[in-house]
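Read the structure below first, then the notes.
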Amino acid sequence: MKQAIGVIDSGVGGLTVAYELMRQLPKEKLIYVGDQARCPYGPRSAEEVKQFTWEMVDFLLEKDIKMLVVACNTATAFTLASLKKHLSIPVIGVIQPGARAAIKFTKNNRIGIIGTEGTIRSNAYTLALKNIKKELEIRAQACPMFVPMVEQGILEGPKAKQVVADALEPLMEHNQMDTLILGCTHYPLLKDTIQSVVGEQVTIISSSEETARETSTILEVHNLLNHDEVFPVHQFYTTGELDMFIQISERIFKEPNLQMITIKKATLPQMQDS
Ligand code: DGL
């Protein structure tokens with residue numbers, strides 16, 4: 001089926017998932033929305049995250065998407081259940097795939113989770129992990145400084161390292177984790193810095209690869225894969241300023257791939273009314 005896969009995030013974080021989708025499903029067209037104007041979602045109430053997420057979804061439904069990938073942990077934590085209940089297209093979030101991947105890798109059953117305040121408060125990862133394996137020892141830590149830093153394009157260097165080291169200190173002190181889940185799609189952009197802080201002995205899990213793999217399975221099961229030979233031009237929308245979005249897209253997708261992308265500004269339904 002030629003229709004696009006819809007991908008949503010509060011900003012540029014979901015681009016890490018989009019990148020994997022493009023790599024694993026090269027024939028599938030993506031329509032991406034990042035709500036940069038209202039990012040971060042992490043400190044917001046569940047109600048607000050739900051409302052903003054549904055606005056992005058309504059924007060994409062107008063474009064006749066065949067499947068929805070919620071490439072934002074915070075939106076997944078608060079909205080996945082309601083999206084699954086009300087939408088007639090398949091929907092996938094990033095939390096279950098991330099939890100499954102972590103369980104595959106841990107050897108000592110000690111897992112750390114980092115995410116936004118909202119995701120950590122929701123307990124969604126701990127529940128997902130414990131549901132699969134009860135004996136896990138889990139420690140979760142909110143890192144509210146990371147998303148604003150990524151949205152400003154600060155991904156490495158002494159400032160990034162200091163912020164990451166300070167945020168992860170409590171996690172490092174109390175848990176001899178061998179696996180760390182990046183429970184926010186912005187964090188893979190800080191992966192090298194995070195790895196240098198936690199050490200090479202810790203396996204870092206980002207759910208993007210796993211989410212892309214599961215998306216592919218879901219499309220196949222529902223007979224929704226595109227078998228057309230024409231390679232797609234993906235559409236990327238941001239509700240915020242284009243400059244930073246383009247800069248970070250360039251870092252993620254590298255130059256040549258940008259020819260396959262159009263980037264535009266979006267006004268979501270509710271934003272139009274106000
Ligand atoms: N990238 C998002 C996530 O995975 C949200 C970050 C935010 O807006 O706070 O949680």
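The values are calculated or read from the model by the stated rules, or taken from the named source; none is laboratory data. Remember, it's a predicted structure, so these values are computed and weren't measured experimentally. Counting neighbours? That spans all protein chains shown, and the Cβs are built from the backbone with ideal geometry, glycine included.
For this structure, a couple of remarks:
- For segment 67-121, a residue qualifies if it is touching a Phe, Trp or Tyr at 6+ places or on another chain (Cβ under 8 Å) and closer than 14 Å to Ile138 by Cβ, and the qualifying residues are Ile95, Gly98, Ala99, Ile113, Ile114, Gly115, Thr119.
- Positions within segment 177-231 being closer than 20 Å to Thr116 by Cβ and of a type in the set (Gly, Ala, Ser), in sequence order: Gly183, Ser206, Ser207, Ser208
- Restricting attention to segment 198-228, the residues that are free of Cβ contacts under 8 Å to residues at least 24 places away in the same chain, part of a loop (DSSP other than H, G, I, E, B) and of a type in the set (D, E, K, R) add up to 1.
Table: residues versus (1) out of contact with any Pro (no Cβ under 8 Å at 6 or more places or on another chain); (2) closer than 23 Å to Ala77 by Cα; (3) among the acidic types (Asp, Glu); (4) within 14 Å of the ligand (Cβ to nearest atom).
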residue: Gly115; (1), (2), (3), (4): yes, yes, no, yes
residue: Arg121; (1), (2), (3), (4): yes, yes, no, yes
residue: Asn131; (1), (2), (3), (4): yes, yes, no, no
residue: Cys143; (1), (2), (3), (4): yes, yes, no, yes
residue: Gln162; (1), (2), (3), (4): yes, no, no, no
residue: Leu171; (1), (2), (3), (4): yes, yes, no, no
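- Count - residues of segment 15-37 that are of a type in the set (D, E, K, R), out of contact with any Pro (no Cβ under 8 Å at 6 or more places or on another chain) and surrounded by fewer than 20 Cβ atoms within 10 Å (Cβ to Cβ): 1
- Filtering segment 53-83 to residues that are within 13 Å of the ligand (Cβ to nearest atom) and either without any contact (Cβ under 8 Å) to a residue 60 or more places away in the chain or under 19 Å from Asn123 (Cβ atoms) (or both) leaves Thr53, Val70, Cys72, Asn73, Thr74, Ala75, Thr76, Ala77, Phe78, Thr79, Leu80.
- If the condition is being farther than 19 Å from Glu220 by Cα and within 12 Å of the ligand (Cβ to nearest atom), then segment 84-105 contributes Ile95, Gly98.
- Failed condition for Pro26, given (1) at pLDDT below 95; (2) near the ligand (Cβ under 10 Å from one of its atoms); (3) more than 12 Å from Thr185 (Cβ to Cβ): (2)
- Segment 5-49: number of residues that are over 30 Å from Glu220 (Cβ atoms), part of a helix (DSSP H, G or I) and basic (Lys, Arg): 1
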